[in-house]
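The values are calculated or read from the model by the stated rules, or taken from the named source; none is laboratory data. Keep in mind that this is a model prediction, so the values were computed, not measured. As a convention, Cβ positions derive from the backbone with ideal geometry for all residues, glycine included, and neighbour counts pool all protein chains shown. We work out accessible area using only protein heavy atoms, side chains counted, and drop any ligands, DNA or RNA first. Shrake-Rupley method; radii C 1.70, N 1.55, O 1.52, S 1.80 Å.
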Amino acid sequence: MENENITTKQSLTLTERKTLSLDNVKKIDSFDANEFLLDTSDGYVHVKGKDLSIGTMNMESGLLTINGLINQITYLGKSKGDKKESILSKLFK
C-alpha cells in the first residue's frame, strides 16, 4: 500500500553537447551513430546527433551515458503508441 503513489523523477544532464547522462532509463529501443530511442520513466526520449555511442550503461539502476555531438533531445510520449505516432508524424513533415 505504501508504494502505490510513488513517482519516479527523471533527470538529464547535458555537458557541452558532448555527454548526455540520463537516469530512470527502462530500456534502449534502438540506437545507431545518429540517434537513440530510449524508454524512460517519463516516456520515450529520442536523441539525435552525430557519432553517438554508449559511454556507460547500467540498466539495473537505469543509468545511461551517451557520448558524441548531441543535436536534439525530444520527449515523444508515455506509451509505444504515442512513440510510433510521433515518429511517423515527424518523418512525414
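Things to note:
- Of K50, K27, the order by accessible heavy-atom surface (1.4 Å probe, DNA, RNA and ligands excluded), from most exposed downward, is K50, K27.
- In the assembled protein chains, T13 presents an accessible area of approximately 70 Å² (probe radius 1.4 Å).
- On the beta carbon distance between K78 and E35, with R0 = 22 Å, the FRET formula returns roughly 0.65.
- In the structure shown, the pairs K9/K78; K18/K78; K26/K78 are assessed against 24 Å; a Cα-Cα span above that value is assigned to K18/K78.
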